[in-house]
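Student: Let me begin by handing over the structure; questions about it come next.
The values are calculated or read from the model by the stated rules, or taken from the named source; none is laboratory data. This is a predicted model, so every value here is computed, not measured. No Cβ is skipped: glycine too gets one built from the backbone with ideal geometry, and neighbour counts run over all protein chains shown.
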Amino acid sequence: MSIRRRSLLASAGAFALGPSTLRAAQAVDGPNVIFVHPHGGWDTTYSIDPKPGLATVDAPVGEITTYSEIPVFTHSSRPSLGAYFDAWAEQTLVVHGLSVRSIAHLECTKRMLTGSTDEEAPDLVAIAAHALGRDRPLPYLMLADRTMVGPLAAIAGRVGPTAQIRALLDPGDALPPIDPRHAPFVGSNDEEALIRAFVEGNAARAQAERAAYGYNADRIADFLEGRARGDLLKPYASWFGDAGTLLGFDAMIGLALDALESGMSKTVMMDPLLDFDTHRGNGEQTVLQDVLFAGLDSLLQGLAARPGQRSGGTLLDETVVVVASELSRTPKMNAYGGKDHWPYCSVLLLGAGVRGGRVLGQTDDAMVPALVDIPTGAVDVAGDQLRPENFLAGVLQGIGVDPAGWFPGTTPLGGLFA
Amino acid sequence: MWALPWLALGIACGPTLEDTSVEPAPARDPAVAELMPAQYLLRASMVLRGVRPSAAEIQQVVDDPSALAAVVEGYLYDPRFGDAMRDLHNEAWSFRATAQTNVPASGTLADEPMGRLRRSLYESPLRTISYIIEEDHPYTEILTADYQLADDVVARAWSNLDGYDPAVGGWQVVGWTDDRPRAGILSDNVLYIRFASMGSNYNRGRANSMSRALLCHDYLDREITLEGALDLSNPDVVADAVTASEACATCHRTLDPLASFFPFRTGFALYLQEWPAELYDPNWVTQEGWWYGTEVAPSYYGQAGTSLDDLARDILADDRFALCTAKRFYAWMTQTPLHHVPDDVAGDLQDVLVGSGWNARTLARAVVMHPDFRVSHARDAATADGLVGLQKVRPEQLERMIADLTGFTWQTDVPELCCGAPAGSSPVGVIPVTTDAWSGFQTLLGGIDGAFVSQPSNTANTTSTLALRQLAAEAAAFLVREDFALPAAERRRLRGVEATTVDEASIRAQLVSLHLDLYAEQVAADDASVSLAWSIWSEVHRSSGDGTRAWQATLTAMLQDWRMFYY
């Protein structure tokens, strides 16, 4: 078999798992990363890519307001949009024209998050967590169903659509059995220590024999790592809300802020649960984008209000935020008053070190992207089509992670960071 | 090195190894350690049935490795082999949508809990497939059957099913009352509620789902580079582009004619509000309904046809169908990503399948006998690279395994409406905790949900180990309580002790027996693992004076060991 073996933890060198290691001081050798993924395909003509008065584009009502160097299509029906850019334009970079080369949600999601068509490729957030946050209890907090962890599964944890993780972390909030007479065994601390000794003792024997090398070694290491992280995560149980309750965007933002501030996690993937897939009735984008930008404003306010881990700074100074839908919408309405899928995307990048207040790339009157000089990010007729992998590699480079191993042969998009 | 007695494998009951003229593969590199007989039996049992081998079976193969063939053959005829085949095909198709919330409880399905609707509605094509396999019908029948399977929910969901007997219950073979083309699972309405294909996309989404599952050809893997400003919102422009634009036509000249075969009302299924429902359009074939959709006549890569049964015929004549089937069996049974399945192995297995008269059981047998299936571990680091040894238990396997070992079925009642559920929906109701993605731990255990999480995770992480620990605590408490309430001979596991038993020899003897039941390991009473378990039992008993509690603690530990998570 030619399956690639995961040996990333081993190759990373000094990471030796154990509770003591995980509890070690939260070394900050790179920023936190939050990826907000408004799923479904946002129509950027409602916000960051204004196209008014064109026969080629069905645009909403509004007017172009320029914040710093960013033209934004504002309107009283989208008050949060203007409020967001009033507050955060200087920190926000807009990148236009990423070509995902597909118009199917799942495929586009994979490409936008991972920069790859490979089913086993990890997304940007997983890579950042692996490189920068392995000492955290839960390096990669997944507040979204659509995530890709590939070989980095051990550092990631799903909360679940109805916050099921809570039921795993807190015995008092466990899913109730059908027959209430059947209570689970609940051990005392001493009893739990005995159980741990049994499990870890047998795993150690496996590591000396059947799991000494390669794939098997990784599986047992992941098993032990998962258990250790589970124990470290239990004190945070109440942060995840009530099991059985849908986590809304506001709750996700609060959880993400708590997770980063406390050092529980290094990276977060967040799906605001706003369905931007407006095939029937594109006018819904008005409310959707207003809610999205209100949430982003709330997120940034929260980051700016909380202390960072470096002396004197805020969490915003130590966090990079990416906002990207997996695809966008056609320039023109379809017969149902909606818009269909469009394979060119615009994204936002903001936060620590980002050269904000600017726009990279552009789309023309037909929403087709211009070519870009990838190393500088400048529009260039002799340049290349911008792809998600260029952008993701550029983000990795900007946060101090060498992208070469993850995106071999890909030129990182320049101009993102100061 | 121990080696399987290859030529002895293949007993009566259907096509066997000798029938298929497969030569045993040569021995592996000596640096690759193969599974010992009991370990091999454990893996075969987990893959083919999702449960552990019995103690008697393990003893049998340890005493006489040549008995392996007969025991494994028995697994291929175990009723739970059908469960495994459904799990396998679900990973190919993603029929089960345990995170879906858009199934209304109305009309003939009013008052049915949403959890039940989800589990039944999406299961029918998988039941049809496993029925065909278990009945040793040619596997090709999944595309030619003039019947499908239904339970009482499915029978009430569709207005055109006939022959279901509510008095008998369970899953039954039923027929269609309309004149739809008879093309096995392609004729099942579930294909149309499960795979969305919106508006002007017509049936292209469904056609690609079929292509991906049956031919291992996913049109979405391709890269689309639009030529200039193509207005994808305009059906006329799209219709023109899919033939005139080379970038589009590369896929659409074969995809669109496939989509034109599907005689179902496009887009309709997403808006189902009432049961029973009717999705089949009887005018499709007679009035060339495709004209209003793709505007391309049905054909299979240039082979003209008119209806779904023509499509089925052409797929069956395509070598890629057998090759893809072989790849999917191997990939699932060895936990190898589909695109990593070696071409030569896939080719050999394809020959096995076709040569057996399309007997899927024979294909499963061939995979179980393949050297890759026997890999235990590497003896050095260089050899370890690229070698899959341990397989991770899937949520569906975990559910069956724990129920079989302990009698415990992990369920919970979700009495509320599901988030985002349509008006008139029922509460979720009782769900299986390990295999429900919305309220349970299916994706947290590394499983797929059929909608958002499309790839399984074959390793451990924080949530999967937490779930295993909680399940262990639930199942251990249940097992000990239930067993000690019964006479020793009637118990499931704890037959050698009572709650009052305290002598070390008896306790260790019981622990030895549990190592056999749980891990398929024959160990001595002074084995290190037994001693660790004895430490738990003795310490808990010393501090609590409670034999029941001591056994619950001990079994909680044993059931969360890595040997329950990997095999």
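Student: Please specify each residue of the range A:164-184 satisfying the condition of being more than 9 Å from chain B (Cβ to nearest Cβ) and surrounded by 18 or more Cβ atoms within 10 Å (Cβ to Cβ).
Tutor: The answer is A:R166, A:D173.
Student: Given the structure, is B:A528 modelled with pLDDT of 95 or more, at the interface with chain A (Cβ under 7 Å from one of its Cβ atoms) and surrounded by fewer than 16 Cβ atoms within 10 Å (Cβ to Cβ)?
Tutor: The answer is yes for B:A528.
Student: Quick one: B:Y292 ticks every box in (1) more than 14 Å from chain A (Cβ to nearest Cβ); (2) surrounded by fewer than 20 Cβ atoms within 10 Å (Cβ to Cβ) bar one, so which box is it?
Tutor: (1)
Student: Next question, about the same structure. Please pick out the residue among A:L350, A:L360 that is touching a residue at least 60 places away in the same chain (Cβ under 8 Å) and within 19 Å of the chain's Cα centre (by Cα).
Tutor: Result of the check over A:L350, A:L360: A:L350.
Each row is one residue, and each column tells you yes or no for (1) touching an Asp or Glu at 6+ places or on another chain (Cβ under 6 Å); (2) at the interface with chain A (Cβ under 8 Å from one of its Cβ atoms); (3) surrounded by 23 or more Cβ atoms within 10 Å (Cβ to Cβ).
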position	(1), (2), (3)
B:G305	no, no, no
B:D318	no, no, no
B:A326	no, no, yes
B:H340	no, yes, no
B:D343	no, no, no
B:V354	no, no, no
B:P371	no, no, no
B:G389	no, yes, no
B:P395	no, no, yes
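Student: A follow-up question, please. Suppose we filter the range A:154-187 for residues that are in contact with a Ser or Thr (Cβ under 7 Å, 6 or more places away or on another chain), among the hydrophobic types (A, V, I, L, M, F, W, C), within 29 Å of A:V125 (Cα to Cα) and in a loop (DSSP other than H, G, I, E, B); how many remain?
Tutor: Counting residues in the range A:154-187 that are in contact with a Ser or Thr (Cβ under 7 Å, 6 or more places away or on another chain), among the hydrophobic types (A, V, I, L, M, F, W, C), within 29 Å of A:V125 (Cα to Cα) and in a loop (DSSP other than H, G, I, E, B) gives 1.
Student: Please verify whether the range B:499-512 includes one or more residues that are touching a Gly at 6+ places or on another chain (Cβ under 8 Å), hydrophobic (A, V, I, L, M, F, W, C), more than 14 Å from every other protein chain (Cβ to nearest Cβ) and not in a helix (DSSP H, G or I).
Tutor: yes
Student: Within the range A:240-270, count every residue that is out of contact with any strand residue (DSSP E or B) (no Cβ under 7 Å at 6 or more places or on another chain) and within 19 Å of A:V33 (Cβ to Cβ).
Tutor: Of the residues in that region, 9 qualify.
Student: Taking the stated definitions as given, is B:C216 surrounded by 19 or more Cβ atoms within 10 Å (Cβ to Cβ), within 14 Å of another protein chain (Cβ to nearest Cβ), in contact with a Cys (Cβ under 8 Å, 6 or more places away or on another chain) and not hydroxyl-bearing (S, T, Y)?
Tutor: Answer is yes for this residue.
Student: Considering every residue within the range A:133-140, establish whether at least one is more than 8 Å from chain B (Cβ to nearest Cβ), surrounded by 24 or more Cβ atoms within 10 Å (Cβ to Cβ) and hydrophobic (A, V, I, L, M, F, W, C).
Tutor: no
Student: Taking B:L471, is it at the interface with chain A (Cβ under 8 Å from one of its Cβ atoms), modelled with pLDDT of 95 or more and crowded, with 24+ Cβ neighbours inside 10 Å?
Tutor: The answer is no for B:L471.
Student: Given (1) buried (at least 24 other Cβ atoms within 10 Å of the Cβ); (2) within 13 Å of another protein chain (Cβ to nearest Cβ); (3) over 24 Å from B:L466 (Cα atoms), where does A:I103 come up short, assuming only one miss?
Tutor: (1)
Student: A follow-up question, please. A:A228 versus (1) more than 7 Å from every other protein chain (Cβ to nearest Cβ); (2) touching a residue at least 40 places away in the same chain (Cβ under 8 Å); (3) surrounded by fewer than 21 Cβ atoms within 10 Å (Cβ to Cβ): which is the lone unmet condition?
Tutor: (3)
Student: Still on this structure, I have one more. Can you tell me which residue is surrounded by the most Cβ atoms within 10 Å (Cβ to Cβ) among those in the range B:123-145 that are in a loop (DSSP other than H, G, I, E, B) and touching a helix residue (DSSP H, G or I) at 6+ places or on another chain (Cβ under 6 Å)?
Tutor: Ranking the qualifying residues of the range B:123-145, first place goes to B:A145.
Student: Return yes when B:F478 is surrounded by 21 or more Cβ atoms within 10 Å (Cβ to Cβ) and assigned to a loop (DSSP other than H, G, I, E, B) and no when it is not.
Tutor: So B:F478 does not fit the description; no.
Student: Now for a different question. So, in the range B:484-518, exactly how many residues are surrounded by fewer than 12 Cβ atoms within 10 Å (Cβ to Cβ) and of a type in the set (S, T, Y)?
Tutor: 1
Student: Of the numbered conditions (1) farther than 30 Å from B:P427 by Cα; (2) out of contact with any strand residue (DSSP E or B) (no Cβ under 7 Å at 6 or more places or on another chain); (3) touching a residue at least 60 places away in the same chain (Cβ under 8 Å); (4) at the interface with chain B (Cβ under 8 Å from one of its Cβ atoms), A:P161 satisfies every one except a single condition; which is it?
Tutor: Going through (1) farther than 30 Å from B:P427 by Cα; (2) out of contact with any strand residue (DSSP E or B) (no Cβ under 7 Å at 6 or more places or on another chain); (3) touching a residue at least 60 places away in the same chain (Cβ under 8 Å); (4) at the interface with chain B (Cβ under 8 Å from one of its Cβ atoms) one by one, A:P161 breaks only (1).
Student: Among the candidates A:V149, A:V199, which residue alone is facing chain B (nearest Cβ under 9 Å), without any contact (Cβ under 8 Å) to a residue 60 or more places away in the chain, closer than 30 Å to A:G248 by Cβ and in contact with a Phe, Trp or Tyr (Cβ under 8 Å, 6 or more places away or on another chain)?
Tutor: The match here is A:V149.
Student: Next question, about the same structure. Any idea how many residues of the range A:203-217 are crowded, with 21+ Cβ neighbours inside 10 Å, within 7 Å of chain B (Cβ to nearest Cβ) and not in a loop (DSSP other than H, G, I, E, B)?
Tutor: Number satisfying all stated conditions: 4.
Student: How about the range B:146-195: which of its residues are hydrophobic (A, V, I, L, M, F, W, C), out of contact with any strand residue (DSSP E or B) (no Cβ under 8 Å at 6 or more places or on another chain) and part of a loop (DSSP other than H, G, I, E, B)?
Tutor: Across the range B:146-195, the qualifying residues are B:A167, B:V168, B:A183, B:F195.
Student: Could you count how many residues in the range B:373-387 are among the hydrophobic types (A, V, I, L, M, F, W, C) and within 8 Å of chain A (Cβ to nearest Cβ)?
Tutor: 4
Student: Starting from residues that are closer than 21 Å to B:R206 by Cα and over 23 Å from the mean Cα position of the chain (by Cα), keep the ones in the range B:141-159 and report whichever is modelled with the highest pLDDT.
Tutor: Taking the candidates together, the pick is B:D146.
Student: Looking at B:V296, B:V341, which one is out of contact with any Lys or Arg (no Cβ under 8 Å at 6 or more places or on another chain) and among the β-branched types (V, I, T)?
Tutor: Among B:V296, B:V341, only B:V296 is out of contact with any Lys or Arg (no Cβ under 8 Å at 6 or more places or on another chain) and among the β-branched types (V, I, T).
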